[in-house]
Amino acid sequence: MHIAIPDDYQDCVRGLDCFSKLDAHETRIFNDTVNGTDALAERFADADAIVLTRERTRIDAALLDRLPKLRLISQTGKLAGHVDLAACTARGVLVAEGSGAGSATAELSWALALASRRYLVDEANRMRQGLWQGHLGQQLGGQRLGVWSYGRIGRQVAAYGRVFGMKVWVWGREASTAAARADGFEVAPSREAFFAESDVISLHVRLTADTHGLVTADDLARMKRTALLVNTSRAELVAEGALEQALRAGHPGFAAVDVYEQEPVMTPDHPLLALPNVLCTPHIGYVEKDNYERYFGIAFDNINAFAEGRLADVVNPEALEAARRRS
């Protein structure tokens, strides 16, 4: 089979142990991102299967119409609205997904909170300039940590906060707060109190149509001038433009973000990069070797299962019969 793997920004996929699972196939890896139907159709013209790295590339009906050879999309992790599943099904293109249940994103969330509170990047850069001690940082111990959504990642971040001696409370849907209570965590009395009284807020909400713009300008305006917002989930959880405006107004006083509405960010003129009270990283929350071995290992297993005629666990089983007719 001809396999296409787009958006391998770091040229790291070929160095993974699991990459050997594709030895029997002809694989082409792309290290950049292209946009537009024409560019993507040219890139994927020979592909029988595409391995998608999360939602870095969108697959829609117009693109699928230009890819008559395509038979399988093997998604790393879960789908997140970037693949038109109905269009795939109508064209007999199977879509398989996997999981990546590691701790990489939770660890980065915590690293960003620590780095922001202690100005680690600024202080390290100052030393390289021959300077000494430019900022007075603040410890996390004793501060109030607000975790929005107590799912897999939120649960890990809440546990980190407890170990560091923070006063942890949780906000989210009823099922989320019930699970947090069961684990002995406090639940914020209200959304308003969650934003107004937390010293650090970490977002761990799944992006859906219902959660798009979930955090509003009013929510951010309630945050303290000393407070920190950490977002390693999705930029679209915050109302468009609201975070930049809030940071310029000083409520909250700080942010640490790993996600952006348009990615990759390849120019230094992104508005958040211009703000001295923001720590920005290039969406590396899940980009970690062990995580990649899991994500891509499952995606490659799905390709081999398809090649051997035994792939049955797909997101769109309705397409199986159409796919068999194309084989």
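Here, each number is a calculation from the coordinates, and none is a lab measurement. For clarity, every value in this text was computed on a predicted model and none was experimentally measured. Heads up, the Cβs are rebuilt from the backbone with ideal geometry, glycines too, and the neighbour counts pull from every protein chain shown.
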Taking the Cα centre of region 104-280 as the origin and placing charges on Cβ (Lys, Arg +1; Asp, Glu -1), which of Gly142, Thr216, Ser109 is farthest toward the positive end of the dipole? Gly142
Cβ-Cβ FRET estimate between Ala90 and Lys224, R0 fixed at 35 Å, reported to 0.05: 0.10
Looking only at lysines whose Cα falls under 20 Å of Lys78's and that sit 8 or more positions away or on another chain, we get Lys289
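Kindly provide the helix-only [θ] at 222 nm of the chain, computed as the sum of -39,500 (n - 2.57) over DSSP H runs of four or more divided by all residues, to the nearest 500 deg cm²/dmol? Display every interim value, and only then the final one.
Numbers: 12 runs with 107 residues, N = 327.
The helix-only estimate for the chain comes to -9000 deg cm²/dmol at 222 nm.
How would you rank Trp132, Trp110, Trp148, going from fewest to most other Cβ atoms within 10 Å of each one's own Cβ?
Working: Trp132 8, Trp110 22, Trp148 25.
In order of increasing Cβ crowding within 10 Å: Trp132, Trp110, Trp148.
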Once the other residues with Cβ under 11 Å from the Cβ of Val238 are scored (Lys, Arg +1; Asp, Glu -1), what is the net sum? -4
Straight-line reach from Lys167: which aspartates and glutamates have Cα under 19 Å away, leaving out those fewer than 8 places along the same chain? Glu107, Asp183, Glu186, Glu192, Glu197, Asp199
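Lys and Arg at +1, Asp and Glu at -1: add these up for the other residues within a Cβ distance under 11 Å of Lys224 and post the number.
Working: positive: Arg144, Arg222, Arg225; negative: Glu197, Asp199.
Around Lys224, the charge tally is +1.
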When Lys and Arg each count +1 and Asp and Glu each count -1, what net charge do the other residues less than 13 Å away from Val83, Cβ to Cβ, add up to? +1
Would you mind giving the average projected area, over all directions, of the Cα convex hull of region 4-152 in nm² with one decimal? 13.1
At a Cα cut-off below 23 Å, give the lysines reachable from Lys69, other chains included and same-chain residues fewer than 8 away excluded. Lys21
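Rule-of-thumb check for region 104-280: C-alpha Rg over 2.2 N^0.38 Å?
Numbers: Rg = 15.8 Å, N = 177, 2.2 N^0.38 = 15.7 Å.
With N residues counted in region 104-280, Rg over 2.2 N^0.38 Å equals 1.00.
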Loop only by DSSP, 11 or fewer other Cβ within 10 Å of the Cβ. Give me the trypsin sites (Lys or Arg not before Pro) in region 265-317 that pass, ordered by residue number. Arg310
Once you have all Cα-Cα distances for the chain, histogram them in 20 Å bins from zero and send the whole-percent values. 29, 51, 19, 0
Region 139-157-region 167-196 distance, computed between alpha-carbon centres (Å): 10
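How big is the shadow of the Cα convex hull of region 234-316, averaged over all directions, in nm²? Spell out each step's value before the answer.
Working: hull surface 31.8 nm².
Mean orientational projected area (region 234-316, Cα hull): 7.9 nm².
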Within region 185-256, DSSP-loop trypsin sites (Lys or Arg not before Pro) with at most 13 other C-beta atoms within 10 Å are Arg225
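With +1 on the Cβ of every Lys and Arg and -1 on the Cβ of every Asp and Glu, and nothing else charged, how large is the dipole of region 118-205 about its Cα centre, in debye rounded to the nearest 20?
Details: 11 positive and 8 negative charges, 46 e Å.
Here region 118-205 has a charge dipole of around 220 debye.
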